[in-house]
Ligand code: NIG
Ligand code: FE
């Protein structure tokens with residue numbers, strides 16, 4: 001057995017004896033221990049406490065001791081919504097948007113997701129893997145320890161499977177916790193624009209059976225939006241996925257409110273993501289289901305709203321209604337070309353008025369639950385992975401989202417080892 005003791009931690013953040021999804025006002029409580037230690041055994045949290053207890057709790061000091069030198073130690077970020085497998089960046093569209101063309105117009109003329117699909121079709125599996133691997137290294141150095149990755153830039157049987165195989169290879173090679181989501185229903189390929197049922201048939205009858213057989217995905221996702229997939233189409237696709245054990249995690253209410261939330265709740269989605277456009281009624285139904293003990297999580301993506309110059313999701317109203325909020329990066333080439341969860345945290349506080357405690361909970365424990373990893377990640381809890389962020393010297397925890405432009409991460413640890 002290999003053991004490591006971390007001593008002299010100025011503040012050990014998000015320490016929980018047992019971890020549950022946090023809803024509504026519970027999101028504001030972030031339990032911390034000042035002047036703390038953590039004992040790691042075989043990459044797992046074995047014990048923790050205040051420094052004065054260390055001799056009692058770890059009587060046989062391990063050989064390997066790390067002096068945290070007054071760092072704050074947090075659970076690594078749990079980024080529950082990304083699209084990091086893509087073939088090329090899209091800064092030309094970024095310029096078009098600066099000139100006043102909207103995201104919807106760019107999509108309508110074959111840019112956007114279709115542009116990415118074209119490029120992905122022309123890129124080999126190895127090249128896609130190498131690019132995605134670099135992005136994974138980048139985000140892990142920025143503190144991400146668990147991540148969900150979607151397909152959705154393939155849009156043909158062959159290319160969707162290619163993307164999912166890349167994600168499978170990332171899972172095998174990386175020591176990060178990775179979940180895979182099938183998003184064949186990201187947009188309609190041009191040839192199916194007028195013939196939706198044929199593309200849905202291909203998803204249901206050609207893609208899903210192979211995905212299930214080769215165990216290529218954990219979840220199913222649909223982009224439910226005006227001009228993309230209707231709630232009824234989303235229902236048909238999700239039900240087909242659910243027959244193979246894929247639970248829904250869905251893109252809803254990014255640009256418009258067309259019934260995606262109601263349908264997502266009926267489908268018992270693990271999470272409903274985006275939510276930039278919300279009616280009061282939708283906020284109430286999201287809150288009521290959490291109050292009834294159901295666990296559909298509202299995953300908010302502030303850097304996507306920022307990049308598309310949209311109104312930010314109403315996090316305060318959602319929490320007031322009793323919802324569980326997770327924060328994620330949406331890292332993708334079209335609407336959020338950044339996987340920096342530190343920036344996500346800052347934007348959630350600055351633009352969405354989440355308290356630092358709420359935002360940290362949303363980016364750790366609730367993010368873990370949005371990937372069904374609540375028993376392995378997202379808090380400092382005995383038995384969970386030793387996936388930690390060590391900060392540079394900071395005066396308080398609130399300094400993290402406050403000093404939004406500084407890199408305040410000193411080191412990142414995954415399974416008890418520095419990355
Ligand atoms: O989550 N909204 C749909 N999908 C992505 C953007 C896709 C793209 O523009 O490439 C998102 O924002
Ligand atoms: Fe997305």
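The values are calculated or read from the model by the stated rules, or taken from the named source; none is laboratory data. If you're wondering where the values come from, they're calculated on a predicted model, not measured in any experiment. Cβ coordinates were reconstructed from backbone atoms using ideal geometry, including for glycine residues, and neighbour counts include every protein chain displayed.
Would the stretch 365-383 turn up any residue that is in a helix (DSSP H, G or I), touching a helix residue (DSSP H, G or I) at 6+ places or on another chain (Cβ under 8 Å) and at pLDDT 95 or above?
There is at least one residue in the stretch 365-383 that is in a helix (DSSP H, G or I), touching a helix residue (DSSP H, G or I) at 6+ places or on another chain (Cβ under 8 Å) and at pLDDT 95 or above.
Looking at 305, 317 in this structure, which one is buried (at least 19 other Cβ atoms within 10 Å of the Cβ) and part of a helix (DSSP H, G or I)?
After ruling out the rest, the residue left standing is 305.
Which residue out of 268, 290 is touching a residue at least 24 places away in the same chain (Cβ under 8 Å), farther than 23 Å from residue 90 by Cβ, in contact with a strand residue (DSSP E or B) (Cβ under 9 Å, 6 or more places away or on another chain) and part of a loop (DSSP other than H, G, I, E, B)?
268
Let's see how each residue does on (1) part of a helix (DSSP H, G or I); (2) within 17 Å of the chain's Cα centre (by Cα); (3) at pLDDT 95 or above:
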position	(1), (2), (3)
55	yes, no, no
78	no, yes, yes
116	yes, no, yes
123	no, no, yes
165	yes, no, yes
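Of the residues 160, 225, 206, only one is without any contact (Cβ under 8 Å) to a residue 60 or more places away in the chain, within 16 Å of ligand 2 (Cβ to nearest atom) and more than 27 Å from residue 262 (Cα to Cα); which?
Answer to the check: 160.
Residues 226, 187: which one is under 22 Å from residue 272 (Cα atoms), surrounded by 13 or more Cβ atoms within 10 Å (Cβ to Cβ) and either assigned by TED's automatic domain parsing to the domain that holds residue 103 or more than 25 Å from the chain's Cα centre (by Cα) (or both)?
On inspection, the qualifying residue turns out to be 187.
Please go through the stretch 251-267 and give me each residue that is away from ligand 1 (no atom under 11 Å from the Cβ), in contact with a helix residue (DSSP H, G or I) (Cβ under 6 Å, 6 or more places away or on another chain) and within 10 Å of residue 234 (Cβ to Cβ), ordered by number.
259, 260, 263, 267
Check whether at least one residue in the stretch 240-254 is at pLDDT 95 or above, under 19 Å from residue 81 (Cα atoms), more than 16 Å from ligand 2 (Cβ to nearest atom) and more than 20 Å from the chain's Cα centre (by Cα), and report yes or no.
yes
Within the bounds of the stretch 276-286, is there any residue that is in contact with a helix residue (DSSP H, G or I) (Cβ under 9 Å, 6 or more places away or on another chain), modelled with pLDDT of 95 or more and either within 15 Å of ligand 2 (Cβ to nearest atom) or closer than 16 Å to residue 185 by Cα (or both)?
Scanning the stretch 276-286, I find at least one residue that is in contact with a helix residue (DSSP H, G or I) (Cβ under 9 Å, 6 or more places away or on another chain), modelled with pLDDT of 95 or more and either within 15 Å of ligand 2 (Cβ to nearest atom) or closer than 16 Å to residue 185 by Cα (or both), so the answer is yes.
Residue-by-condition table, conditions (1) in the same structural domain as residue 162 (by TED's automatic domain parsing); (2) loosely packed, with under 14 Cβ neighbours inside 10 Å; (3) in a strand (DSSP E or B):
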| residue | (1), (2), (3) |
| --- | --- |
| 9 | no, no, yes |
| 17 | no, yes, no |
| 36 | no, no, yes |
| 69 | no, yes, no |
| 81 | yes, no, no |
| 85 | yes, no, no |
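So residue 395 passes all but one of these: (1) buried (at least 19 other Cβ atoms within 10 Å of the Cβ); (2) under 19 Å from residue 32 (Cα atoms); (3) assigned by TED's automatic domain parsing to the domain that holds residue 70. Which condition number does it fail?
Every condition holds for residue 395 apart from (1).
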